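What follows is a set of notes on a single structure, which appears directly below.
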Amino acid sequence: MGKRKLFMLTTAIMTGGLLFTMAGYAAFNSPEQIGLQDFIQIHQQQKEKSLVGDSLSAAQLSEFSLAIDATATAEQIQAYSDASFKKLLQSTNERLWFVMNNGVPEGILIANDKEPVKMGGKNRSKDLLKLYHSARGLAANDEQVRYVEFEGQGMLLVLNGKAESVFLSQGLASLLQLPEGQAQPQDVIAKMKARIASASAQQE
């Protein structure tokens, strides 16, 4: 091999290594990874104060994440006459990950494309992961499963183009006085409208 070809090959390897290293650095410093390190640090501080709990030093984010949709305003929900959720949802740039430790969910992490936004507790993560497995069975891929919050409580929606399914977390089911797990979209919308109407009446 000539000196020029050897130089070009060596340069290509070095350049490729630099690109790989920089890509790895960018991934480690992504908003969700920064949030994970914050989550681990907060957990460690709480563990040191209480002297109980397992170490999360090896915790990782779930291999999948869920897109987060926002709901329409209370006024728009009140005026809504359809039985489908689709027109009530607005896409966001936020996604939800599960914080996993040895296969067990320890919390949830929400981040956008710039920074971590919110972290949740262990009980909520267990509840949502159980819902995810149920919802994922009806979806062709993870992008068809959406996370939505109403009054701070979560639900998962499966929007596969043909139909839609709703899965209520324990918190939201209690809030709306519906059974947890899978529910009919029209029933959930009706309960949301009733809760908004009740809140409006109390403010008058």
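The values are calculated or read from the model by the stated rules, or taken from the named source; none is laboratory data. The shown structure was predicted, so the numbers you read here are calculated from the model rather than taken from an experiment. Because the Cβ atoms are built from the backbone with ideal geometry, glycine has one as well, and the counts that use them run over all protein chains shown. Surface accessibility is based on the protein's heavy atoms, side chains included, excluding ligands, DNA and RNA. Shrake-Rupley method; radii C 1.70, N 1.55, O 1.52, S 1.80 Å.
Extension gain, Ala190 to Ala140, is 15.2 nm, computed as 0.36 nm per intervening residue step minus the present C-alpha separation. Using 1/(1 + (r/R0)^6) with R0 = 25 angstrom and r between the beta carbons of Gln202 and Lys118, what's the FRET efficiency to the nearest 0.05? The value I calculate is 0.35.
Near Ser65, once Lys and Arg are set to +1 and Asp and Glu to -1 for all other residues with Cβ below 11 Å from its Cβ, the sum equals -4.
Rolling a 1.4 Å probe across the protein heavy atoms gives segment 60-204 an accessible surface of 52 Å² per residue. Remark: the Gln182-Ser30 segment gains 51.4 nm on full extension, using 0.36 nm per residue and subtracting the alpha carbon distance. Electrostatic bookkeeping for Pro116 treats Lys and Arg as +1 and Asp and Glu as -1; over the other residues with beta carbon under 14 Å from its beta carbon, the sum is -2. Taking the 1.4 Å solvent-accessible surface of segment 135-204 as the whole, the part contributed by carbon and sulfur is 44%. Size descriptor for segment 46-201, Kirkwood hydrodynamic radius: 16.5 Å (Cα pairs only, one decimal).
Our note on the geometry: Cα centres of segment 170-194 and segment 121-163, 14 Å apart. Net charge of the neighbourhood of Ser84, taken over other residues with C-beta under 15 Å away and scored Lys/Arg +1, Asp/Glu -1, is +1.
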